Every structure is written in C-alpha cells, then in structure tokens.
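Taking it in order: structure first as structure tokens, then the write-up.
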Amino acid sequence: MESSKKTLTNYLYRIGRKYDQLSGKTFIHFIHIGKTGGSAVKYALEPYQRYGSYIFIPHSHSFKLMDAQPGEKVIFFLRDPIKRYMSAFYSRQRKGLPHKFYEWTADEEIAFGNFSDPDQLAQSLSSADPDERQRAIHAMNSIHHVNSHYMNWFLSQEYFLSRAADIFHIGFLETLEKDFEFIKKKMRLPEEACLPADPATMHKNPLPPVPLSSQAIENLKSWYKEDYEFIDFCHRFLSEKVSE
C-alpha cells in the first residue's frame with residue numbers, strides 16, 4: 001500500500017511539473033546550504049511558490065546545482081565560513097533545538113564528547129599531540145554542517161560558470177535583508193512578503209558564542225580555504241554580472 005501511494009505521488013508530481021513547464025513559467029530552485037540564513041529565506045518565500053511568472057521550489061540541504069535542469073534558475077545564500085562553523089557547532093551541540101530535534105549520530109556523540117566548545121575544537125587542529133589533532137579532524141569531518149564545504153553544492157568553479165545563466169541570485173547572510181528585498185523586487189512579490197522576526201524560525205543561536213582565539217581562527221581559515229575562495233569567486237561573478 002505504501003509503495004502504491006509513493007508511486008501515485010511521484011506520478012502526480014511529474015504531471016504537475018509537466019504542466020508547469022508547459023505554462024511558460026520560470027522555475028526557481030532554492031539551494032539550501034546549511035547555516036547560511038536559508039531557513040529564514042525559505043520561510044518568507046514558501047507562501048509564494050506559484051506567484052506571477054515564477055515557480056519557487058524550496059529544497060532540503062541535499063539539493064545541488066547539478067540537480068536543477070539547465071535553463072531553470074537557482075537562488076542560494078553564503079556566509080563567512082568561520083561564522084558558519086560557529087553556528088553549525090552550536091546548532092548540532094543543541095541537537096537542532098529549539099526549532100527541530102535531530103539526535104546526534106554516533107560520530108557526533110564522540111565529537112561532542114571530546115570537544116565542549118568550538119574554540120577548543122578549532123585550536124586542536126594544530127595540536128602538537130597527534131592523537132588530539134586526529135580527534136579534532138574526526139570531529140570536523142563528523143559534525144553536520146561543520147563537515148560540509150560550498151563545493152559540495154557546486155562541484156567546481158568551472159561547472160558553476162557553465163551554469164552562469166541559471167544563477168538567479170547569490171545572497172549573503174551578512175546582507176540578508178538587502179538581498180531578500182532584491183529577490184522580492186526581482187520576483188515582483190507583494191509588499192507584505194517579509195523575513196521572519198522569530199529567532200527560532202531563523203535558527204539563530206540563543207546564546208552568545210565563545211570567542212575564538214587567534215590560533216583557532218588561523219586553523220579554520222586553513223580548513224575552509226576553498227570556501228573563502230568560493231566566496232571571493234562569487235563576489236567577482238556578481239561584479240562582472242552587474243557590469244555587463
């Protein structure tokens with residue numbers, strides 16, 4: 001019975017998608033990179049999934065640029081990698097609460113048993129003790145969101161450029177409100193469309209973070225080197241797009 005329901009759901013989805021394609025409307029996929037403000041943007045745009053000449057499709061964290069068909073548009077947000085790391089560490093330490101509860105994986109349980117705060121973990125990446133350093137590397141590769149990199153969603157800069165025409169907007173958490181207003185205007189959404197104000201809906205950390213030491217910052221800049229390079233790449237991409 002469950003299999004039959006799933007088959008029917010998939011069939012209805014394909015029929016609906018075919019109808020949408022024939023309607024001439026533009027598909028906009030939201031690539032949701034964890035801990036970059038995506039939850040707030042999705043929450044604000046979900047009431048307008050079929051509005052005007054666009055069909056907005058929110059996705060889970062697993063949806064990548066490669067999953068969008070050529071010719072369909074994408075929106076995504078980025079964030080300073082170290083701030084993203086901090087947010088991810090605390091979010092998973094709380095198991096996603098207060099917004100949603102996700103139990104630790106076995107590896108996350110080990111990671112949080114070894115490291116009680118993000119500064120301790122980041123400093124340990126350059127520890128003189130090889131066992132401590134290995135525990136830190138294991139934790140960085142185990143904690144959800146901490147263990148992901150921007151290229152997980154975009155494959156390479158070369159592939160990204162091959163899909164340049166499909167980039168509807170690149171936003172940054174640091175300019176979230178400004179970027180949302182730009183998207184709102186571009187999609188011709190009504191004035192009442194707005195970002196949520198509730199911290200839980202926005203997945204904000206409820207407590208102030210532990211300050212990072214200079215060594216921790218240096219280690220994280222090295223760990224997330226490619227992520228910083230991708231952010232610079234996206235800023236250049238946007239600058240060139242504006243000047244065209």
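The values are calculated or read from the model by the stated rules, or taken from the named source; none is laboratory data. These figures come from a predicted structure and were not determined experimentally. Every residue, glycine as well, gets a Cβ built from its backbone with ideal geometry; the counts of neighbours run over all protein chains shown. Only protein heavy atoms, including side chains, enter the accessible area calculation; ligands, DNA and RNA are left aside. Shrake-Rupley method; radii C 1.70, N 1.55, O 1.52, S 1.80 Å.
Restricting segment 138-156 to residues that are hydrophobic (A, V, I, L, M, F, W, C) and over 13 Å from P118 (Cα atoms), which is most open to solvent (accessible area, probe 1.4 Å)? Ranking the qualifying residues of segment 138-156, first place goes to L155.
Close Cβ contacts (under 9 Å, 6 or more residues apart or on different chains) running from residues in segment 115-144 that are among the aromatic types (F, W, Y) to residues that are open to solvent by 40 Å² or more (accessible area, probe 1.4 Å) comprise F115/R135. Among the residues of segment 171-193, those that are in a loop (DSSP other than H, G, I, E, B) and either in contact with a His (Cβ under 8 Å, 6 or more places away or on another chain) or surrounded by 13 or more Cβ atoms within 10 Å (Cβ to Cβ) (or both) comprise M187, L189, A193.
Filtered by the rule that a residue be within 15 Å of the chain's Cα centre (by Cα) and part of a helix (DSSP H, G or I), segment 26-51 gives G38, S39, A40, V41, K42, Y43. For the condition under 22 Å from I183 (Cβ atoms) and exposed (fewer than 13 other Cβ atoms within 10 Å of the Cβ), P98 does not qualify. Those residues that are touching a helix residue (DSSP H, G or I) at 6+ places or on another chain (Cβ under 8 Å) and acidic (D, E), I need them from segment 46-80; list them, please. Those that are touching a helix residue (DSSP H, G or I) at 6+ places or on another chain (Cβ under 8 Å) and acidic (D, E): E72, D80.
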